[in-house]
Amino acid sequence: MIKSPEKLADSTIQFSAPVTAHSPELQQLFDFIALGASERDRDRILPFDVVELIRRSRLGALRIPVAEGGAGSSARELFEVVIRLGDADPNVAHIVRNHFSVTERILRSERTQRNRRWLKAVIDGAIIGLASTELEVKRSGGGQVVNTKLIPDGDGYRLNGMKYYSTGSLYADLIFVRVLTPDDATAFILIPTNREGIELVDDWDGFGQRLTGTGTTTFTNVHVEADEVILDTDTDKDNLPYNIVPQLFLTAINAGIIRSVLRDAINLVHKRPRTFYHAVAEQAADDPLLQQTIGQISANAFAAEAIVLAAANALDRLPAAKAQGEEAETAAALGASLSAAKAKLVVDELALRSATLLFEVGGASTTKKSSNLDRHWRNARTLASHNPSHFKARAIGDYEINGTPLPMRGFF
């Protein structure tokens, strides 16, 4: 049974350190998050308190090996958790997407002093955000850095520039930023969000995923230490050719949304005081058409979860492939990227279809703003729009027909 927020706040969840994918207190946390999700979405209440609970739970250390102080979860277990969190609140799940993406990069890299330092911060509860995209880039194949540049300053640098789509950074302790070096090479930096000169602005005005802090980040003469800069040539930089985790993460959130839609659909049927004019049963719960609709949503939820977890299994095969050499690792990464791309095409459709079927269950009364049931479709549509399906489908088709590898980075 789900506790009320008041009772949960009074008792305070006692987290193990850190929580594992199967910790009972993790489900307790997700139940609490779910209780306030609709209200937060409807009234645009930023979930700083929820993120603080996640910080306390040290959920962000889920993938860090036990020997290093983390929970030691597999990729499949991570995505099981993402689906559950997407079910509870897709905004909150999206907030931590970049955290797990960056943490995964560090985990795949050599354990240098700075990588150990960053992993220790995560183990202690730190959450990582991202600032990569610049709106000034207009060329096809975009994503280039054009105005966020490091300037030499003593033993370190100063950073000036502006980013957009800084998802999660509003709530984060560290921020992962793509920059230009003084010689115009692309690099990344990982620095604290509270450093002087960093301004995080909540100006995201999308119709869905309203609470993710996906807005503008401005850097004004920000100090950057030399060892906070990750160059392409650094030995402790992750060089996996495909960026799989952030892509599959969005798909997993959509799978979680379908589970939430199913729960709301069942509640609608049980709460309906009357049924449709042409219904063949007096009680909504006995209406075969409503039963059929609920059954379809349930099947969609099952299929979406199974598809996401099958793709996650491909990620779990990467370490063994890496041990066999670069060629084997690249082939395994391509396979994992293909799985994630195929999963997106199917799961996004299932999520949007399920969110629409919800209104077939409830009828016109469910379109009331107070019910906020349209949040499921809005959030699923926004998540699906992050990486255009037609580009994914074309690339998959080119691979199947001509053996052309998927594009590296970007949407893959």
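Tallying residues that are in contact with a strand residue (DSSP E or B) (Cβ under 7 Å, 6 or more places away or on another chain) and under 27 Å from residue 303 (Cβ atoms) within the range 220-272 yields 0. Yes or no: the range 189-207 includes at least one residue that is among the aliphatic types (A, V, I, L, M), assigned to a loop (DSSP other than H, G, I, E, B) and closer than 27 Å to residue 385 by Cβ. There is no residue in the range 189-207 that is among the aliphatic types (A, V, I, L, M), assigned to a loop (DSSP other than H, G, I, E, B) and closer than 27 Å to residue 385 by Cβ. A Cβ distance below 9 Å, combined with a sequence gap of six or more or placement on separate chains, defines the contacts here; from the range 66-78, residues that are on the phi > 0 side of the Ramachandran plot reach residues that are of a type in the set (Ser, Thr, Tyr) and open to solvent by 30 Å² or more (accessible area, probe 1.4 Å) in the pairs 72/20.
Kindly evaluate residue 328 against the criterion of being surrounded by 14 or more Cβ atoms within 10 Å (Cβ to Cβ) and under 23 Å from residue 403 (Cα atoms).
Working: surrounded by 14 or more Cβ atoms within 10 Å (Cβ to Cβ): yes; under 23 Å from residue 403 (Cα atoms): yes.
So residue 328 passes the test.
The residues listed here are 333, 340, 314, 321; of these, the one that is under 23 Å from residue 382 (Cβ atoms), touching a helix residue (DSSP H, G or I) at 6+ places or on another chain (Cβ under 8 Å), of a type in the set (A, V, I, L, M) and assigned to a helix (DSSP H, G or I) is 340. Is it true that residue 285 is within 18 Å of the chain's Cα centre (by Cα), surrounded by fewer than 16 Cβ atoms within 10 Å (Cβ to Cβ) and part of a helix (DSSP H, G or I)? Considered against the rule, which asks whether it is within 18 Å of the chain's Cα centre (by Cα), surrounded by fewer than 16 Cβ atoms within 10 Å (Cβ to Cβ) and part of a helix (DSSP H, G or I), residue 285 comes out as no. With the structure loaded, tell me whether residue 346 is among the β-branched types (Val, Ile, Thr) and either surrounded by fewer than 17 Cβ atoms within 10 Å (Cβ to Cβ) or outside any helix (DSSP H, G or I) (or both) or whether it fails that test. When the stated conditions are applied, residue 346 passes them. Among residues of the range 384-412 that are free of Cβ contacts under 8 Å to residues at least 40 places away in the same chain, those with a beta-carbon under 7 Å from a residue that is surrounded by 11 or more Cβ atoms within 10 Å (Cβ to Cβ) and in a loop (DSSP other than H, G, I, E, B) at least six positions away or on a different chain give the pairs 391/411; 398/404. Cβ-Cβ under 9 Å, sequence separation 6+ or interchain: first residue in the range 350-375 and without any contact (Cβ under 8 Å) to a residue 40 or more places away in the chain, partner of a type in the set (Val, Ile, Thr) and assigned to a helix (DSSP H, G or I). Which pairs? Qualifying pairs under 9 Å: 359/366; 359/367; 374/366; 374/367.
Scan 201, 122 and give me the residue that is β-branched (Val, Ile, Thr), open to solvent by less than 60 Å² (accessible area, probe 1.4 Å), over 18 Å from residue 226 (Cβ atoms) and more than 19 Å from the chain's Cα centre (by Cα). Spell out the reasoning first.
Working: 122 fails: more than 19 Å from the chain's Cα centre (by Cα).
Result: 201 is the single residue among 201, 122 that is β-branched (Val, Ile, Thr), open to solvent by less than 60 Å² (accessible area, probe 1.4 Å), over 18 Å from residue 226 (Cβ atoms) and more than 19 Å from the chain's Cα centre (by Cα).
If you go through the range 360-384 and pick out every residue that is modelled with pLDDT under 95, assigned to a helix (DSSP H, G or I) and surrounded by 14 or more Cβ atoms within 10 Å (Cβ to Cβ), you end up with 4. Scanning the range 210-219 for residues that are within 17 Å of residue 131 (Cβ to Cβ) and not in a strand (DSSP E or B) turns up 212, 213, 214, 215.
Does residue 223 satisfy the condition of being surrounded by fewer than 21 Cβ atoms within 10 Å (Cβ to Cβ) and either in contact with a helix residue (DSSP H, G or I) (Cβ under 9 Å, 6 or more places away or on another chain) or within 24 Å of residue 148 (Cα to Cα) (or both)?
Details: surrounded by fewer than 21 Cβ atoms within 10 Å (Cβ to Cβ): yes; either in contact with a helix residue (DSSP H, G or I) (Cβ under 9 Å, 6 or more places away or on another chain) or within 24 Å of residue 148 (Cα to Cα) (or both): yes.
Against the criterion (surrounded by fewer than 21 Cβ atoms within 10 Å (Cβ to Cβ) and either in contact with a helix residue (DSSP H, G or I) (Cβ under 9 Å, 6 or more places away or on another chain) or within 24 Å of residue 148 (Cα to Cα) (or both)), residue 223 qualifies.
Screening the range 385-403 for residues that are open to solvent by less than 50 Å² (accessible area, probe 1.4 Å) and of a type outside the set (Gly, Ala, Ser) and picking the one that is nearest to residue 214 (Cα to Cα) gives 387.
Mind checking whether some residue in the range 20-38 is of a type in the set (Val, Ile, Thr) and touching a strand residue (DSSP E or B) at 6+ places or on another chain (Cβ under 9 Å)?
Restricting attention to the range 20-38, the residues satisfying the condition of being of a type in the set (Val, Ile, Thr) are 20, 33.
Going one step further and asking which of them are touching a strand residue (DSSP E or B) at 6+ places or on another chain (Cβ under 9 Å), we end up with none.
Scanning the range 20-38, I find no residue that is of a type in the set (Val, Ile, Thr) and touching a strand residue (DSSP E or B) at 6+ places or on another chain (Cβ under 9 Å), so the answer is no.
For the range 148-171, which residues satisfy the criterion of being of a type outside the set (D, E, K, R), assigned to a strand (DSSP E or B) and open to solvent by less than 20 Å² (accessible area, probe 1.4 Å)? Of everything in the range 148-171, those that are of a type outside the set (D, E, K, R), assigned to a strand (DSSP E or B) and open to solvent by less than 20 Å² (accessible area, probe 1.4 Å) turn out to be 150, 156, 159, 161.
The values are calculated or read from the model by the stated rules, or taken from the named source; none is laboratory data. Because the structure is predicted, anything quoted here is derived from the model rather than measured. FYI the Cβ positions are ideal-geometry reconstructions off the backbone, even for glycines, and counts take in every protein chain you see. Keep in mind that these areas ignore ligands, DNA and RNA; they rest on the heavy atoms of the full protein, side chains included. Shrake-Rupley method; radii C 1.70, N 1.55, O 1.52, S 1.80 Å.
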